[in-house]
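Structure first, then comments.
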């Protein structure tokens with residue numbers, strides 16, 4: 001079976017540095033250069049859309065610095081079931097950022113100009129980090145049994161029946177595809193831990209949606225099949241969870 005290549009983006013406002021590092025990526029068989037960007041703002045939007053594995057980024061750029069970008073994407077560097085965490089390699093002509101990048105847990109920090117050998121040392125650090133941090137997808141059933149508030153009956157619910165879940169104080173409402181709901185005396189976070197992450201995405205601090213039922217996204221709301229009312233789409237979640245699912249599945 002052909003090995004899937006590692007997807008790489010290079011971001012540097014200096015044309016010569018951008019060209020040099022991009023060539024390093026191209027000559028490395030296990031790597032695939034997805035994008036090379038001089039504009040850090042354009043790069044930030046592409047990071048969410050292009051499913052990048054490794055980001056090679058300059059620390060000193062106009063508009064958005066390497067640290068500014070990292071602050072907005074650092075959640076992608078955390079282990080997640082079924083997905084390689086993003087690895088960020090920073091670079092600068094100065095050593096002054098080394099301590100800060102170490103504190104923030106960048107994978108590596110390189111002082112420019114650097115050689116191909118030094119570049120490969122960093123790539124090997126990335127590979128080693130994935131060996132220890134990659135979380136394999138758990139074996140998850142396609143259903144669970146729940147007991148409604150005030151009932152002793154354990155009722156089966158197939159995940160495919162769930163349209164969305166809604167937090168209500170210390171309870172969770174589970175809305176089903178027949179437009180009925182089950183009220184469970186568990187917090188939304190407790191139930192979320194039992195749901196398959198590839199299908200259920202948090203779209204608001206109080207809502208989790210089954211993406212198979214999403215009909216359309218309009219501004220700050222999400223319209224769903226089988227449900228008359230739209231559910232809210234929180235600003236915080238437009239760059240993570242449900243927002244990332246939308247970005248990854250958008251044609252434009």
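The values are calculated or read from the model by the stated rules, or taken from the named source; none is laboratory data. What you are looking at is a predicted structure, and each value in this text was computed from that prediction instead of being measured. Methodologically, a virtual Cβ is constructed for each residue, glycine included, from the backbone with ideal geometry; neighbour enumeration extends over all protein chains shown.
Of everything in region 105-119 that's within 23 Å of residue 79 (Cα to Cα) and modelled with pLDDT of 90 or more, which residue is surrounded by the most Cβ atoms within 10 Å (Cβ to Cβ)?
Checked region 105-119; the qualifying residue surrounded by the most Cβ atoms within 10 Å (Cβ to Cβ) is 106.
Given the structure, is residue 153 over 30 Å from residue 56 (Cβ atoms), at pLDDT below 90 and in the same structural domain as residue 209 (by TED's automatic domain parsing)?
yes
Quick check on residue 228: is it in a loop (DSSP other than H, G, I, E, B), at pLDDT below 95 and over 19 Å from the mean Cα position of the chain (by Cα)?
Spelling it out, residue 228 is indeed in a loop (DSSP other than H, G, I, E, B), at pLDDT below 95 and over 19 Å from the mean Cα position of the chain (by Cα).
For residue 237, all conditions in the list (1) under 30 Å from residue 45 (Cβ atoms); (2) crowded, with 17+ Cβ neighbours inside 10 Å; (3) in contact (Cβ under 8 Å) with a residue 40 or more places away in the chain hold save one; what is the number of the exception?
(3)
Within region 215-222, can one find any residue that is assigned by TED's automatic domain parsing to the domain that holds residue 165, under 17 Å from residue 174 (Cβ atoms) and part of a loop (DSSP other than H, G, I, E, B)?
no
Select, from 169, 223, the only residue that is free of Cβ contacts under 8 Å to residues at least 24 places away in the same chain and exposed (fewer than 13 other Cβ atoms within 10 Å of the Cβ).
None of the other options fit; the residue is 169.
As an exercise: evaluate residue 44 against (1) under 18 Å from the mean Cα position of the chain (by Cα); (2) within 24 Å of residue 127 (Cβ to Cβ); (3) without any contact (Cβ under 8 Å) to a residue 60 or more places away in the chain and give the number of the one condition it does not meet.
Only one criterion in (1) under 18 Å from the mean Cα position of the chain (by Cα); (2) within 24 Å of residue 127 (Cβ to Cβ); (3) without any contact (Cβ under 8 Å) to a residue 60 or more places away in the chain is unmet by residue 44, namely (2).
Out of all the residues in region 58-71, is one or more surrounded by fewer than 16 Cβ atoms within 10 Å (Cβ to Cβ), more than 17 Å from residue 125 (Cα to Cα) and under 16 Å from the mean Cα position of the chain (by Cα)?
yes
Among the numbered criteria (1) closer than 28 Å to residue 241 by Cβ; (2) surrounded by fewer than 20 Cβ atoms within 10 Å (Cβ to Cβ); (3) at pLDDT 85 or above; (4) touching a helix residue (DSSP H, G or I) at 6+ places or on another chain (Cβ under 9 Å), which single criterion is violated by residue 47?
Among (1) closer than 28 Å to residue 241 by Cβ; (2) surrounded by fewer than 20 Cβ atoms within 10 Å (Cβ to Cβ); (3) at pLDDT 85 or above; (4) touching a helix residue (DSSP H, G or I) at 6+ places or on another chain (Cβ under 9 Å), residue 47 violates only (2).
Looking at (1) part of a loop (DSSP other than H, G, I, E, B); (2) modelled with pLDDT under 85; (3) outside the structural domain of residue 168 (by TED's automatic domain parsing), which is the one condition that is false for residue 102?
Only one criterion is unmet by residue 102, namely (1).
Looking at the structure I just gave you, is residue 162 closer than 20 Å to residue 18 by Cβ, surrounded by 12 or more Cβ atoms within 10 Å (Cβ to Cβ) and at pLDDT 90 or above?
No.
Using the structure shown, decide if residue 201 is assigned to a strand (DSSP E or B) and crowded, with 16+ Cβ neighbours inside 10 Å.
Judged against the criteria, residue 201 is a match.
Just the residues that are more than 28 Å from residue 238 (Cα to Cα) and touching a helix residue (DSSP H, G or I) at 6+ places or on another chain (Cβ under 9 Å), please, taken from region 1-22.
Scanning region 1-22 gives a single hit, 21.
Among the numbered conditions (1) in a strand (DSSP E or B); (2) touching a strand residue (DSSP E or B) at 6+ places or on another chain (Cβ under 6 Å), tell me where residue 245 comes up short.
The one condition residue 245 does not meet is (1).
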